[in-house]
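Here's the structure we're looking at; comments come further down.
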Amino acid sequence: MQSCMMDFPLSLVHLLERAGALFPKEEIVTRLPDKSLHRYTYADFYHRARRLASALQKAGLQKGDRVATLSWNTYAHLEAYFGVPVAGGVVHPLNLRLHPSDIAYIIHHAQDKILIVDDVLLKLYEAVREQVRLERVIVVPLSGQPVPAGLESYEDFLASGDDDFAYPAFDEREAAAMCYTSGTTGRPKGVVYSHRSIVLHSLGSALPDALNLGMQDVLLPVVPMFHVLAWGLPYTGVMTGCKLVLPGPHLDAESLLELYASERVTKTAGVPTIWLGVLQALQKEPTRWKLQPMEMVVGGSAAPEAMIRAFDQFGLKVLHAWGMTEMSPLGTTSRLKRHLRSDPEEAYRYRAMQGLPTPLVEIRAVGEAGVVPWDGRSLGELQVRGPWVAAGYYNLEEESDKWTPDGWFRTGDVVAIDPEGYIRIADRTKDLIKSGGEWISSIDLENALMAHPAVKEAAVIAIPDPKWDERPLAAVVLKEGAQVTPEELQAFLEPRFAKWWLPDAYVFLEEIPRTSTGKFLKSQLRERFKDYKAKAQP
Ligand code: AMP
């Protein structure tokens, strides 16, 4: 029997129209590069996003064309988040922390046609310009300076659009946005999100037991809009009609605390490294900032229980969340069931776990002998499925082993699931290093090191770091009779990698421990060097 329900498309057009119609007076505040605040309303945002869509269409944008952005969290970036997809295009934020050669690779692989770039990031564009073929480059004059001669201004481009723009028809399954993850081994991989997946993810994220976001909130996403669509928060936020505060390039603790206080922020989100800085600033000057009761979503790396406890002292609630680029990204949040609230110690234990899956996300943990029981002890690889989980990478057939034959995505995270259904991440199957919320590929560093004439073998591992969570340590075996200093190795790597990728420490070994199949036994190295104190910091 067929239902009586409409087959109503889940699309970003609906979210944009809703924002324009219902919340025109609500504010969107952006911190500009000179630290002044740019303010406008949802009504302004709505008109400008539609103008951008119209201008793109007039400029010849075809269905599915990729429009890349190289931008901080700003009002103009938000306009692109909506204006590009409602014109039928695919918005593709580029991670500006990557090495220019990786950015060039990504632009090339995604076949980006147009680039919208903040004027303060033009130097980065210059570093990739020769390596890519873009049809059009549009510069957002964020700094208030005139756009350099020969380049097109975003404001002039918007002026070429019409107000009476008509949305093209499209299927809810069509692409709306894409992001590349470097959180896997090898080259960055593209994940393409659909209108449907973004709308469902926004609904799921806003739920009370997920991020609990509503129109009474003032939301400040610290997590960059170039990393997994800022955890989808620009879309979720606009859907709910909350006030948005976008921090631009100023992500230091003092700048954030100022904004939290002056804009009366109630909800914020970022990686542990950011919160550690904020915590230290608060502990140094506990009465300086008058903050609202605020919830701080922490994800990207594990939130230490000590941090959760410390923020409680300031009336700030840490909410632990887990997700991945391949999951749009929200997978789990650690809110407490009613019966887990009574014992404070137990409550902290649960809040430090990664939490319960959001509705529509299914989880299982799979060990060598199959699906493991939910006993809180048995470890297995976390596998997930759901309507906002990727079913494949963009244009990369060979990565199909990331999906099981029965259709689950293999996250590469090793977890225990407790009898209540809360997950706890114990380890990662992939040998990656996560520093300040961004990935460093140990394999890339090893390959580069092993190209040095004095190096026989190199294994790069993560060592715990109080500020960045993890930092790379390189264990090096030299060729017989060869000599080299850590400084020489560092200088050798420097031209190839972003500065923050370079190892904090080098240790010279007689040999690297190996598994029975001859692979580096990195777990043994990690155990051996877990207390290693590296001197240099990025
Ligand atoms: P990305 O795709 O860059 O967002 O990275 C996703 C990966 O980050 C996950 O597979 C985990 O390894 C790690 N991750 C994300 N959130 C957490 C968390 N709350 N605790 C521990 N690891 C996390």
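Working carefully through the options Thr325, Thr273, find the one that is within 14 Å of the ligand (Cβ to nearest atom), under 17 Å from Val223 (Cβ atoms) and out of contact with any helix residue (DSSP H, G or I) (no Cβ under 9 Å at 6 or more places or on another chain).
Thr273
I want to confirm something. Restricting to the range 11-29 and keeping residues that are in a helix (DSSP H, G or I) and open to solvent by 60 Å² or more (accessible area, probe 1.4 Å), which single residue is farthest from Gly89 (Cα to Cα)?
Leu22
Evaluate the range 67-75: report whether one residue or more is among the hydroxyl-bearing types (Ser, Thr, Tyr) and either open to solvent by 20 Å² or more (accessible area, probe 1.4 Å) or under 18 Å from Val13 (Cβ atoms) (or both).
No, because not a single residue in the range 67-75 is among the hydroxyl-bearing types (Ser, Thr, Tyr) and either open to solvent by 20 Å² or more (accessible area, probe 1.4 Å) or under 18 Å from Val13 (Cβ atoms) (or both).
Yes or no, residue by residue, for (1) more than 15 Å from the ligand (Cβ to nearest atom); (2) in a strand (DSSP E or B); (3) under 19 Å from Pro357 (Cα atoms); (4) open to solvent by less than 50 Å² (accessible area, probe 1.4 Å):
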residue	(1), (2), (3), (4)
Ala390	no, no, yes, yes
Tyr393	no, no, no, yes
Pro405	yes, no, no, no
Thr411	no, yes, yes, yes
Val414	no, yes, yes, yes
Ile443	yes, no, no, no
Leu449	yes, no, no, yes
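For Lys434, indicate whether it is within 11 Å of the ligand (Cβ to nearest atom) and part of a loop (DSSP other than H, G, I, E, B).
Answer is no for this residue.
What residue, of Lys533, Lys499, is open to solvent by 90 Å² or more (accessible area, probe 1.4 Å), of a type outside the set (A, V, I, L, M, F, W, C), under 28 Å from Arg97 (Cα atoms) and in contact with a Pro (Cβ under 8 Å, 6 or more places away or on another chain)?
Answer to the selection: Lys499.
Would you point out which residue out of Lys317, Lys290, Lys337 is within 16 Å of the ligand (Cβ to nearest atom) and open to solvent by 40 Å² or more (accessible area, probe 1.4 Å)?
Lys317
Being in contact with a helix residue (DSSP H, G or I) (Cβ under 7 Å, 6 or more places away or on another chain) and either closer than 17 Å to Ser255 by Cβ or within 16 Å of the ligand (Cβ to nearest atom) (or both) is the filter here; which residues of the range 305-314 pass it?
Correct list: Glu305, Met307, Ile308, Phe311.
Please work out which residue is farthest from Gly421 (Cα to Cα), limiting yourself to the range 340-363 and to residues that are within 12 Å of the ligand (Cβ to nearest atom) and part of a loop (DSSP other than H, G, I, E, B).
Result: Ala352.
If we scan the range 363-383, do we find a residue that is open to solvent by 30 Å² or more (accessible area, probe 1.4 Å) and touching a residue at least 60 places away in the same chain (Cβ under 8 Å)?
No, that holds for no residue.
Looking at the range 85-117 only, could you name the residues that are without any contact (Cβ under 8 Å) to a residue 60 or more places away in the chain, within 27 Å of Ile198 (Cα to Cα) and touching a Leu at 6+ places or on another chain (Cβ under 8 Å)?
Answer for the range 85-117, where residues must be without any contact (Cβ under 8 Å) to a residue 60 or more places away in the chain, within 27 Å of Ile198 (Cα to Cα) and touching a Leu at 6+ places or on another chain (Cβ under 8 Å): Gly89, Ile103, Ile107, Asp112, Lys113, Ile114, Leu115, Ile116, Val117.
Identify, by number, the condition in (1) under 30 Å from Leu493 (Cβ atoms); (2) open to solvent by less than 20 Å² (accessible area, probe 1.4 Å) that Glu79 doesn't meet.
Looking at each condition in turn, Glu79 falls short on (1).
Among Glu480, Glu494, Glu470, which is more than 16 Å from the ligand (Cβ to nearest atom), within 30 Å of Gly270 (Cβ to Cβ) and either open to solvent by less than 40 Å² (accessible area, probe 1.4 Å) or not aromatic (Phe, Trp, Tyr) (or both)?
Glu494 is the lone residue from the list that is more than 16 Å from the ligand (Cβ to nearest atom), within 30 Å of Gly270 (Cβ to Cβ) and either open to solvent by less than 40 Å² (accessible area, probe 1.4 Å) or not aromatic (Phe, Trp, Tyr) (or both).
Wholly within the range 99-204, which helices (runs of 4 or more DSSP H) include no fewer than the required count, namely at least 3 residues that are closer than 25 Å to Tyr46 by Cβ and open to solvent by 10 Å² or more (accessible area, probe 1.4 Å)?
Per the criteria, 154-159.
Quick one: what pairs do we get from the range 54-79, first residue of a type in the set (Lys, Arg), second open to solvent by 10 Å² or more (accessible area, probe 1.4 Å) and assigned to a loop (DSSP other than H, G, I, E, B), C-beta under 8 Å, 6+ apart or different chains?
Lys58/Ser160; Lys58/Asp162; Lys63/Pro168; Lys63/Phe170; Lys63/Glu174; Arg66/Gln111
The values are calculated or read from the model by the stated rules, or taken from the named source; none is laboratory data. What you see is a predicted model; the values in this text were computed from it and never measured. Cβ sites come from the backbone with ideal geometry, for glycine too, and all protein chains shown count toward neighbours. Protein only, heavy atoms only, side chains kept; ligands, DNA and RNA dropped before computing areas. Shrake-Rupley method; radii C 1.70, N 1.55, O 1.52, S 1.80 Å.
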